[in-house]
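Please treat every number below as a calculation from the coordinates, not as lab data. No experiment lies behind these values; they were computed from the predicted model shown. Neighbour counts are summed over all protein chains in view; Cβ atoms, including those assigned to glycine, are modelled from backbone coordinates with ideal geometry.
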Amino acid sequence: MQLAVWTYEGPPHVGAMRVATAMKDVHYVLHAPQGDTYADLLFTMIERRDARPPVTYTTFQARDLGADTADIFKRAARDAYDRFQPKAMFVGASCTAELIQDDPGGLAKALALPVPVVPLELPSYTRKENWGAAETFYQLIRALADRNAEKLSQKTDRPSCNLLGPTALGFRHRDDVKEISNLLFHLGVEINVIAPMNAKAADIARIPAADFNVVLYPEIADTAARWLEREFKQPFTKTVPIGVGATRDFIKEVSDLAGIDAPDIEDAGNMGWWSRSIDSTYLTGKRVFIFGDATHAVAAARVASEELAFEVVGLGCYNREFARDLRAAAKRYDVEPLITDDYLVVEDAIAKAQPELVLGTQMERHIAKRLGIPCAVISAPVHVHDFPARYAPQMGFEGANVLFDTWVHPLVMGLEEHLLHMFRDDFEFNDEAGASHLGGHGAASKEPPTVEADPETGPEADNVIRWEPAAEKELKKIPFFVRGKARRNTENYAAERQIQLISVDTLYDAKAHYGR
Amino acid sequence: MTAPLDISPASCTQRPILRERGQREVFCGLTGIVWLHRKMQDAFFLIVGSRTCAHLMQSAAGVMIFAEPRFATAIIEERDLAGMADANEELDKTVKRLLARRPDIKLLFLVGSCPSEVIKLDLSRAAARLSKAYAPKVRILNYSGSGIETTFTQGEDACLASMVPELPAEASPEPSLLVVGALADVVEDQFKRLFEQLGIDRVRFFPSGSADDLPAVGPNTRFLLAQPFLGDTARLLEGRGAKRLPALFPLGVEGTAGFFKAAADAWNIDADKFDSVIEMPRARAEKALERYRDALAGKSIFFFPDSQLEVPLARFLSREIGMTLTEVGTPYLHMEHLDRELTLMPDGVRLSEGQDVDKQLDRCRAERPDISVCGLGLANPLEAEGLTTKWAIELVFTPIQGFEQAGDLAELFARPMNRRMRLAV
């Protein structure tokens with residue numbers, strides 16, 4: 001058993017729902033008790049969808065167990081077909097129905113419905129949401145992809161690709177699709193099918209007609225793309241175009257796959273200049289902690305490091321399936337990779353790293369708020385206010401502009417930071433009031449909570465470093481957004497020199513040693 | 001979808017009731033934890049369930065709150081199911097970790113879920129075993145919030161029912177009054193004052209805010225149900241000798257007056273005194289309601305089943321505000337507890353119990369009511385079809401009981417109409 005307060009991912013059938021809900025004419029019959037219908041609100045409330053997800057739940061009850069749950073499933077599947085007339089159906093079980101082993105796939109087959117029925121085996125007790133979405137998308141393509149797809153597509157002489165991975169409830173998927181579609185259009189690459197978002201079952205059949213695949217979200221489309229590569233010789237893109245550099249790499253990769261000359265990019269958006277302009281100098285070396293799904297976390301680390309000149313002090317992801325990519329990236333930034341789906345472990349890691357900015361999910365936003373650290377959201381899971389009304393992609397050059405704005409906004413502005421260094425005790429204008437442009441709603445200064453000693457090992461009395469009261473007082477003259485770094489540097493400096501009591505001199509010796 | 005409706009007469013009211021068994025679109029009983037963990041400040045709710053349960057709690061609660069909650073999920077994993085790990089040992093370990101992290105917990109509920117029920121994990125034995133280990137510091141109880149047995153607010157019923165055997169025996173021969181059902185603090189305080197003014201001073205509320213201060217119960221206890229979904233709790237209280245005072249539920253002026261009248265009659269308080277005590281708050285409430293009558297009178301309303309509050313709410317809206325009831329759907333009709341409510345329901349209203357959501361949506365679309373009360377999964381889709389909605393869940397998370405809240409209750413229904421009128425986009 002795993003003790004969970006909050007979870008990063010839902011169960012795998014929610015991943016399947018994300019695929020079904022993204023599409024136009026499919027229906028998902030889910031063998032599940034009534035409580036599982038909560039999942040509808042993810043789409044109707046958090047994403048503000050204006051239609052119910054195309055999902056029928058069998059909502060069997062305790063009194064049905066052992067009697068006729070299989071019949072209930074068959075009736076629900078037949079009724080759902082009659083009512084919604086989908087062009088393809090998914091059938092499967094949620095965690096509870098998995099235990100009663102009614103075999104929705106077999107039952108649906110016996111109904112001999114006149115449309116393709118894709119049975120989904122999504123093991124709820126070992127797998128999670130992203131895996132469920134990936135498996136569902138892969139099974140759908142396997143079932144529907146047409147070996148004679150060439151005939152179904154209107155061929156032009158331009159190279160063509162599919163855009164794979166955007167789903168319902170995805171973090172900025174709606175806007176990423178638009179941004180990358182525009183980019184591909186300007187490159188002269190035709191888009192054959194976008195899936196699953198807004199795709200019809202008939203579109204899935206046409207997928208093999210494209211020359212190659214663009215994988216926007218590996219968490220969802222990687223499995224399908226690998227299969228398409230094997231079966232239909234469609235290569236796929238490996239670069240996720242988040243950030244200016246990655247977008248340029250993506251353009252190069254797409255151009256190679258399409259057999260066209262990579263164009264010279266004149267207008268790569270504002271991000272590069274905004275970052276080079278001198279007002280941004282104060283961003284240099286800001287210590288940033290990054291956590292999310294592996295794709296977004298790895299991409300954010302590159303943007304943070306290369307395009308904002310931040311220092312990556314923590315990097316992690318919650319999806320083990322992509323841990324290898326994350327480990328490789330962590331090596332590049334010389335940090336310990338954090339691969340966990342335990343929110344409490346992430347909280348501890350952030351408290352220990354004492355970053356100046358956290359880039360994470362809605363969970364890290366909560367952690368950062370508790371610790372008084374500025375935060376921006378870069379990855380699912382996200383909340384209702386992370387589905388903005390405005391156009392706000394993460395990908396492409398416009399996406400890079402959005403990243404600059406949203407990551408810099410929570411920070412205290414450059415000159416304000418200087419003034420806070422100079423006059424700490426102004427009763428109106430001090431670091432405890434939070435950044436002035438955030439109207440007191442920004443992360444207000446808090447003493448970082450002391451990290452408690454691990455009860456398993458206990459504090460090792462010999463190695464405890466203490467602060468003289470005068471040194472502690474001097475430390476407090478340093479504004480909160482750099483105080484954590486100063487504390488850590490000083491303690492490291494003291495530890496290396498076997499200094500057990502930190503004085504004001506130790507503090508300044510350490511400052512001279514490390515520099516600002 | 002023109003199949004004849006299955007309408008059968010209700011035994012005690014002779015009113016036809018449409019009973020449906022199809023897809024339900026209602027939360028399971030686990031959701032009750034969202035308000036119960038706030039009400040009982042030293043209690044912790046540990047759901048023994050799946051990732052789905054954890055995700056439900058976070059999604060249902062996450063729409064409103066995001067702080068470290070006093071609930072968590074022990075997620076059953078493959079190794080627990082495959083017998084590679086002893087589920088009971090795993091549970092003990094999880095509880096140990098939890099109690100070490102939260103030493104402030106005095107009452108721990110092990111809450112059963114669909115998967116724990118299906119694999120027949122015996123949480124009552126686990127609770128007994130763990131209680132022994134952690135007594136007297138922590139009391140450990142269990143109940144089921146599973147969606148195969150409970151619907152939304154029934155979770156509160158199951159939780160309170162699990163506490164009834166723990167309530168101390170009433171020692172005094174004096175009669176005492178127990179108000180049953182979680183209420184907002186402000187409502188409790190108002191009720192306490194009114195009971196005092198009536199001269200009923202031995203009044204307790206259940207659940208109480210603290211596990212150390214459970215109300216006593218015995219043959220001299222009279223209890224009033226403040227919520228209409230407490231069937232099991234009431235039965236167990238009666239098993240301890242307490243007697244239920246049949247009453248209206250305290251929604252609206254009439255409901256609140258009826259609620260207090262039931263207690264006043266049981267305490268033989270004369271009519272003049274009763275009238276003088278409730279005169280002022282009643283007049284205030286009537287004045288507050290006046291403001292919303294223009295917007296709501298004559299408008300039609302359709303209830304999808306959600307919290308079991310539907311019948312008393314419909315009674316209030318039809319009799320005090322003048323709204324027209326089309327369908328009043330509820331997950332479960334407790335005939336005995338709703339007896340007085342049902343006799344006040346106007347003729348012509350369609351009562352439905354259970355759900356077949358697609359058919360019910362067909363009826364709603366055909367009737368095009370002025371306002372539809374429904375769950376979070378249905379609200380935006382109906383709005384997008386041009387139907388004004390009221391989230392049912394807000395009625396559970398807002399203080400709506402009592403005289404002083406009668407106006408607020410009406411306002412909850414007036415606001416969506418008001419908004420629709422104002423908007424020009």
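Within the stretch A:206-314, the GluC sites (Glu not before Pro) that combine a DSSP coil assignment with at most 13 other C-beta atoms in a 10 angstrom radius are A:E266. Could you tell me which of rounded, prolate or oblate describes the stretch B:176-275, using a ≥ b ≥ c as the square roots of the eigenvalues of the alpha-carbon gyration tensor, with rounded for a/c under 1.5 and, failing that, prolate when a/b is larger than b/c and oblate otherwise? Rounded. Under 5 Å from the amide H of A:I191 lie the amide H atoms of A:C161, each residue being 5 or more positions distant or on a separate chain, with H modelled from the backbone and absent for Pro and chain starts. Working note: 222 nm ellipticity from helices only, DSSP H runs with n ≥ 4, each -39,500 (n - 2.57), summed and divided by the residues of chain B, gives -13000 deg cm²/dmol to the nearest 500.
Annotation note: trypsin sites (Lys or Arg not before Pro) in the stretch B:94-203 located in DSSP loop regions with a Cβ neighbour count of at most 14 within 10 Å are B:K120, B:K137.
For the stretch A:343-382, the Cα-based Rg and Dmax, in that order, read 8.9, 24 Å. Quick one: net charge around A:A168, please, counting Lys, Arg +1 and Asp, Glu -1 for every other residue with C-beta under 13 Å from its C-beta. Result for the local shell: +3. Taking a ≥ b ≥ c as the square roots of the eigenvalues of the Cα gyration tensor of the stretch B:29-150, is the shape rounded (a/c under 1.5), prolate (a/b larger than b/c) or oblate? Judged from the Cα gyration tensor, the stretch B:29-150 comes out oblate (a/c at least 1.5, b/c at or above a/b).
First check a/c for the protein assembly as shown, with a ≥ b ≥ c the square roots of the eigenvalues of its C-alpha gyration tensor; if it is under 1.5, answer rounded, and if not, answer prolate when a/b is larger than b/c or oblate otherwise. Taking the square roots of the gyration eigenvalues as a ≥ b ≥ c, the protein assembly as shown is oblate. With a 10 Å cut-off around each Cβ of A:56-65, the average count of Cβ atoms from other chains is 5. Evaluating 6.51 cos²θ - 1.76 cosθ + 1.60 at θ = phi - 60° for every residue in the stretch B:328-336, the Karplus couplings come out as 10, x, 8, x, 8, 9, 8, 4, 5 Hz, glycine and proline recorded as x.
When the C-alpha to C-alpha distance is required to be over 21 Å, the pairs from A:K24/A:K128; B:K132/B:K243; A:K151/A:K233 that qualify are A:K24/A:K128; B:K132/B:K243.
Take each residue of peptide B:45-53, count the partner chain Cβ atoms within 10 Å of its Cβ, and average: the result is 6. Near the amide H of B:I148, within less than 5 Å, lie the amide hydrogens of B:C114, all on another chain or at least 5 residues away, with H placed in the peptide plane.
Normalised by the number of residues in the stretch B:29-150, the mean separation of alpha-carbon contacts (under 8 Å, six or more apart) gives a relative contact order of 32 percent.
Residue by residue, the stretch B:347-361 carries 3J(HN,Hα) couplings of 5, x, 7, 8, 8, 10, 10, x, 6, 9, 4, 5, 5, 5, 5 Hz when phi is fed to the Karplus relation 6.51 cos²θ - 1.76 cosθ + 1.60 (θ = phi - 60°); x denotes Gly or Pro. Across the stretch B:176-275, C-alpha contacts under 8 Å between residues 6 or more apart give a mean separation that, scaled by the residue count, equals a relative contact order of 27 percent.
For the cross-link pairs A:K331/A:K485; A:K286/A:K473; A:K87/B:K120; B:K192/B:K287, the ones whose C-alpha atoms lie over 32 Å apart are A:K87/B:K120. In chain A, helical runs assigned H by DSSP with n ≥ 4 each contribute -39500 (n - 2.57); averaged across all residues and rounded to the nearest 500, the mean residue ellipticity at 222 nm is -12500 deg cm²/dmol.
The alpha-carbon of B:K390 sits under 16 angstrom from the alpha-carbons of these lysines, leaving out residues fewer than 8 places away in its chain: B:K299. For the stretch A:156-165, backbone phi angles converted through the Karplus equation (6.51, -1.76, 1.60; θ = phi - 60°) give residue-by-residue couplings of 10, 8, 7, x, 9, 9, 9, 9, 10, x Hz, Gly and Pro being listed as x. Comparing Cα centroids, the stretch A:472-513 and the stretch A:155-171 end up 53 angstrom apart. For the stretch B:201-261 and the stretch A:1-68, what is the separation of their Cα centres, given in Å? About 36 Å separates the Cα centre of the stretch B:201-261 from the one of the stretch A:1-68.
Only Cα pairs under 8 Å and 6+ residues apart enter the sum, and on that basis the relative contact order of chain A stands at 12 percent.
Counting only other chain Cβ atoms within 10 Å of each residue's Cβ, the peptide A:75-84 averages 2. Counting every pair of alpha carbons in chain B, the share spaced more than 38 Å apart comes to 24 percent.
Of the chymotrypsin sites (Phe, Trp or Tyr not before Pro) found in the stretch B:184-227, not one falls in a DSSP loop while having at most 10 other beta-carbon atoms within 10 Å. Scanning residues 5 or more positions from B:E170 or on other chains, those with amide H under 5 Å from its amide H are B:V217, B:G218, with H placed 1.01 Å from N in the peptide plane. Annotation: lysines with alpha-carbon distance below 21 angstrom to B:K137 (same-chain offsets under eight excluded): B:K39, B:K93, B:K96, B:K106.
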